[in-house]
Structures are given as structure tokens and as C-alpha cells.
Amino acid sequence: MFGLTRVSPAATAAAAISTTVAAAAGGNSAHCSTPYGLLPQRKTIASIISPCQAASNCSLQVPSASLQSKSFVLKAMSESQTVAVPNKEAQSSYPSGQKQVLISLSDKKDLAFLGNGLQSLGYTIVSTGGTASALESAGVSVTKVEKLTQFPEMLDGRVKTLHPNIHGGILARRDQKHHMEDLSSHGIGTFDIVVVNLYPFYDKVTATGGIKFEDGIENIDIGGPAMIRAAAKNHKDVLVVVDSEDYPELLEFLKTSQDDQQFRRKLAWKAFQHVASYDSAVSEWLWKQTNGEDKFPHSFTVPLSLKSSLRYGENPHQKAAFYVDKSISEVKAGGIATAIQHHGKEMSYNNYLDADAAWNCVSEFQSPTCVVVKHTNPCGVASRSDILEAYRLAVKADPVSAFGGIVAFNTEVDESLAREIREFRSPTDGETRMFYEIVVAPKYTEKGLETLRGKSKTLRILEARKNEKGKLSLRQVGGGWLAQESDDLTPEDIQFKAMAEKVADESALSDAKFAWLCVKHVKSNAIVIAKDNCMLGMGSGQPNRVESLRIAMRKAGDEVKGAALASDAFFPFAWNDAVEEACQAGIGVIAEPGGSIRDQDAIDCCNKYGVTLLFTNVRHFRH
């Protein structure tokens, strides 16, 4: 096999071929004069003969006697093993000043609109495969990319546009004389616009049923990102478009004579962002295929897509926006970010935080449940077979806080429930109709939606899917991010271990589990008092646990007697502290993680007052 390699102007092509063949054949020379600026590498003598025979002005001379004098045999090669040589005439057929656009799309939305618009503006359209066929079907004249490269699509489509005749035309700087001279010497035309989007890798790997690893690999685009990056880098001279939403603006821009560099930079930014998001999906998928159980790679990218600009942030002086996480792990994983808003004012920054807190809490319960949230803390929670009763009890837990809060349900909202939400009066005076910022539920009946819409023009009505377990939780700190697994443990996942002499009966244990599930959603230091699947009071966010306990008991009032108390963390002290105060108030059962060096004090205190003490060995800090 003989390797012939040369990238040179036509003037030196013959000499290069002669030198290479001579070296391979022991000094004997082969001369081929061709009109082509580029001659691809040849592997055999037969590979040289075929293309040269096809060209009218190409001759190949190989002294047979010299070759025969060497101790090797040249085997005949089939015609199918010949390699096409670029046709300079085809390359240079575009006159100077010809406007060219390259289009290669997987997503062909609005392609006919774009193609016709560009053609009407005098652009010659170069395209590939299915895109070219779609354009032709729409009546748009197309030059196929193979005509420019003089090379067929190969390797099952892996190689189509990875060619100097394409990338040279994209990357050449028009203000650099030697760049343009290089193009001219090789017969390469320039591209003014590149319109490309990528193989649907994201959709393929997230499709129901999954995808085989080999199929996932084949859906990784190579040529597309290369063209996009090349055009984006050279955006001063080449417009790059990756989003069909930009087609109208592109056509309007082309109709004007003004060259707006800011518009070009915006498209370039969008192009690089498009490729970066694409690469992040590939990276995430490959990591999971390689290290499926490890959620913490050495580095990773979170692709965010702007969903809406917000009126302001937590406060009016702060600007804000809301982004949707486009990570593969978030596809069909539920949550407030992908909720459907059926009615009401636009969501605010604080609305999203509160709705997320309410939805995360209510989604944890198996029985029909209502959760009321204010400032991300659940101030009322109740589970009942009758969801209307659950709603009333949840509001009753703290009606002052519930006013202006968020109400969440884990069941369908029908007409009767919607009417109750709309008409329910505050338990504080029996007259004031309750006002809410948001109602969120997994689904609504048609009548339920209609009834709720009648409550207020501003009431936000959200339909959300339950959060999947196993998500990665991210939180920003100055200069970095904290990452942790989501807190998915439920009472069914742990053991409530009896530590005191009094053993919990079935009712007390049920109350303890309910309170424990509530307290994990309350900001630390957190205390929840509950009974009969209903929150009676909670204390949140206090620097010391005693103060949280006192707030919770004050809200619970007389109902504290015989109720369950759950603490998100252990009690550092018992005597003359939170444990003893709870026992003295009449609490029937205490559930806490345990783990304090003074755990025995808590046990002794509960024994003294005849209170059941359960250790969960699981802490639920929430900061």
C-alpha cells in the first residue's frame, strides 16, 4: 500500500505526487498533473489511476519496468476503491460577491419560510441530505453540499460537512487578505450565513423506554457543532442561527444595508450557548452511563433555560428571572418549575419559593392532604379521607398565617372543593373570606377550575407533577455551590425506636410519624405539634429550640395535651429546658433524632412525666 499525502496549490501538486511515489517505489517517479487545489491522501497506485483517468487534463505516468524491478507485487484494486478528487470548476462556479448560506437542520420547523425568504433576497442555498430534500419540496433551489466538497456523504452520515471547502468558507476572515487569497487559490467560496441545529440527542436519550448506549452515541452530533462554533467565532463576517424563532429577525436584518455587530454578537452568543447546553446533556448522559451511582462528578454543567422575567426578586429593588433546569435528570421529574398555570397574575420570585415549599410538603403524604404555607414554612397541615375537612383543619391550625398564603393539595380539586376554597371564612371571625396567593394541585376538574377562577382575577392556579425522588439539590453560596442528595426519607423508611418506659400505642405512633413528616419541611430550629393527622402548631427558624417549642405550644393551645411533638434535631438539654417544658405542658409522645451526649437526661425526664420518647436516628435540618 502506498500513502500519498499532499495539501498544496495545483502548481506544486505534480511534484509532490512524484516525490511520494518515488519514495514508496524505491526512487521511481509517478507524475500526475491535476487542476485541483487539494489532492486527498491516496493509499494505492490504483487509487491514483482511477480519478486521473476520469479527468481530461490529468495524466499518470508510472514506469512499469522500474516498479517490476522491486520485490513486491501490486494487487489490482476495484473501481469502488477509487477516491474522488475535488473539482475546481465546481468550486469556483460561484462568482465573486455571490451570497451563500449553508443550511443543515434536524429540526426543520419553518424551514420553507426561511428558504423562500433567503432565496428572494438573492442567496444561494447550500444544504445537506434531508434538509436539501425538504427545501426542494418547498420549491427552493438548493446546491447540495456534495457539489462543493466533491465528496459523498460517508460513514453512515458521520462525515458530510467536515471538509475544507465548507469550513474554509465559514472561517475565513474577509478583512485578512491572505485568508481570501487562500480561498481563491483553492477555489473555495465564502458563506455569509450558517443555519444549523443539532441531532435531537436530548429527546432521544430522555424518550420513554430509554435508549441503547450505542444508539445514544450515534445521536451525538459532530459536524453540526463544528459548523456552529466556526460561524459563531467568525460572526463578524458570518451570521449564525440555531433557533427558528430568529428566522424573521434574520430576514429583516438582511433587508437592511446596516451591519449591526450587536445583532451578530447576540446570535453568536446564542450559538455558543446552544452548543454548550447540547454538550452538557451529552456529558451528563455519559457520566450516568459510566458512573451511574455517583451523583457528584468532578465537574458538571447545569443547563438553564429562561422561562420568564420576573417583576422583581425577593424585594422590589432586586431584579430577577426564573429559569427551568434542562438537565436530563429533570426530564419528567415533576416540580413547580414545570407546573402549568391555569389562571391568575404572573408568578413572582417569592411565589415560586412558597409554591415549591407547599408542593414538596404535600407531595410527601399518601392520604388526601392539604398544606398551607407562608414564607416557605407549612403553617397548617391536615390529612383526612374527606379533603374538604382536611382543608378546613389546615387553615384552622393558624388562620392568621394562612391568610395570603399558598394552599396545596395532593388530590384533584373538583367543584365542591373549589367552592369551599372560594367561600371559606376565616376561623378567627367567621366573616372574612380567606385570601390566597396560589392554589396548587396535581389536577383539576373542568368545573373545579371554573369555580376557582371566580374567586379572584389574581389567584394563581397551578397544576404540578409530584417531584421524583433521588434528585440532586443545589444551593448557592458566595463563590460556589453546595450539592447534596434530596431529603427523601419518609416515616416508612425509618424505625421509631422506643427509648422511655412508656410504649407508644398505635394512635400515638401514628401521631408521631405525622408530626415527624411535617417537621422535616419546617425551617430549623423546628418543632411541630400534631394529633389525629393534623398539625396543631409549629415553631420555626428560631436560634434556640426552646423558643421554637414555646411558639408551637402557644399555637396549639389546649390541644397540646396528649399530642405528639416532633423535633428536627436532638435536644441538647432536657431538665429545665425544652423536653421538660413539653412534658409539663402535657405532650404525650416526643419524636426526635437522638444523638446528644445528654440523651439519657431526655429519657429520664420523659420517664418522670410518663411521656413516650421515640428516637428516629434521622435529623431533618432545613436552613
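The values are calculated or read from the model by the stated rules, or taken from the named source; none is laboratory data. Since the structure is predicted, the reported quantities are computational estimates derived from the model, not experimental observations. Reconstructed Cβ throughout: ideal geometry from the backbone, glycine too, with neighbour counts over all protein chains shown.
Among the numbered criteria (1) out of contact with any Lys or Arg (no Cβ under 9 Å at 6 or more places or on another chain); (2) more than 26 Å from F514 (Cβ to Cβ); (3) of a type in the set (A, V, I, L, M, F, W, C), which single criterion is violated by A394?
Evaluating A394 over (1) out of contact with any Lys or Arg (no Cβ under 9 Å at 6 or more places or on another chain); (2) more than 26 Å from F514 (Cβ to Cβ); (3) of a type in the set (A, V, I, L, M, F, W, C) leaves (2) as the failure.
Starting from residues that are among the small types (G, A, S) and surrounded by fewer than 16 Cβ atoms within 10 Å (Cβ to Cβ), keep the ones in segment 587-620 and report whichever is modelled with the highest pLDDT. Please lay out each step first, then the result.
Pass one, segment 587-620, residues among the small types (G, A, S): 588, 591, 594-596, 602, 610.
Next cut, surrounded by fewer than 16 Cβ atoms within 10 Å (Cβ to Cβ) only: 595, 610.
Numbers: G595: 93, G610: 96.
Here the answer is G610.
Yes/no per residue for (1) touching a helix residue (DSSP H, G or I) at 6+ places or on another chain (Cβ under 9 Å); (2) outside any strand (DSSP E or B):
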site: T451; (1), (2): yes, yes
site: K455; (1), (2): yes, yes
site: I461; (1), (2): yes, no
site: Q476; (1), (2): no, no
site: L482; (1), (2): no, no
site: L489; (1), (2): no, yes
site: E492; (1), (2): yes, yes
site: E501; (1), (2): yes, yes
site: A508; (1), (2): no, yes
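What do you reckon, is A276 assigned to a helix (DSSP H, G or I), in contact with a strand residue (DSSP E or B) (Cβ under 8 Å, 6 or more places away or on another chain) and either of a type in the set (A, V, I, L, M, F, W, C) or surrounded by 15 or more Cβ atoms within 10 Å (Cβ to Cβ) (or both)?
No.
If I filter segment 102-126 down to residues being in contact with a strand residue (DSSP E or B) (Cβ under 7 Å, 6 or more places away or on another chain) and without any contact (Cβ under 8 Å) to a residue 60 or more places away in the chain, which single residue comes out as nearest to S137 (Cα to Cα)?
G115
Conditions: (1) buried (at least 20 other Cβ atoms within 10 Å of the Cβ); (2) in contact with a strand residue (DSSP E or B) (Cβ under 7 Å, 6 or more places away or on another chain). L517 meets all but one. Number of the miss?
(2)
Can you give me the number of residues within segment 524-559 that are in contact with a strand residue (DSSP E or B) (Cβ under 6 Å, 6 or more places away or on another chain) and either more than 22 Å from E389 (Cα to Cα) or not in a strand (DSSP E or B) (or both)?
The total comes to 11.
Restrict the check to segment 440-447 and report whether at least one residue is crowded, with 17+ Cβ neighbours inside 10 Å, touching a helix residue (DSSP H, G or I) at 6+ places or on another chain (Cβ under 6 Å) and within 26 Å of Y352 (Cβ to Cβ).
yes
Pick out the one residue from V241, V282, V205 that is surrounded by 14 or more Cβ atoms within 10 Å (Cβ to Cβ) and more than 17 Å from the chain's Cα centre (by Cα).
V241
Of G470, G430, which residue is at pLDDT below 95, within 28 Å of the chain's Cα centre (by Cα), loosely packed, with under 12 Cβ neighbours inside 10 Å and assigned to a loop (DSSP other than H, G, I, E, B)?
Every option except G470 fails the conditions.
For a quick check of your reading: which strands (runs of 3 or more DSSP E) sit entirely within segment 329-426 and have at least 3 residues that are under 30 Å from G210 (Cβ atoms) and in contact (Cβ under 8 Å) with a residue 40 or more places away in the chain? Don't jump to the end; show me each part of the working.
Working: elements: 335-343, 369-374, 377-383, 405-409.
Filter on segment 329-426 gives 335-343.
Looking only at segment 472-523, which residues are under 30 Å from F300 (Cα atoms) and free of Cβ contacts under 8 Å to residues at least 60 places away in the same chain?
S473, R475, Q476, V477, G478, G479, G480, W481, L482, Q484, S486, D488
Residues K555, K523, K561: which one is in contact with a Gly (Cβ under 6 Å, 6 or more places away or on another chain), charged (D, E, K, R) and over 29 Å from D354 (Cα atoms)? So that I can check it myself, show each step before the final result.
Values: K555 fails: over 29 Å from D354 (Cα atoms); K523 fails: over 29 Å from D354 (Cα atoms).
Of the residues listed, the single one that is in contact with a Gly (Cβ under 6 Å, 6 or more places away or on another chain), charged (D, E, K, R) and over 29 Å from D354 (Cα atoms) is K561.
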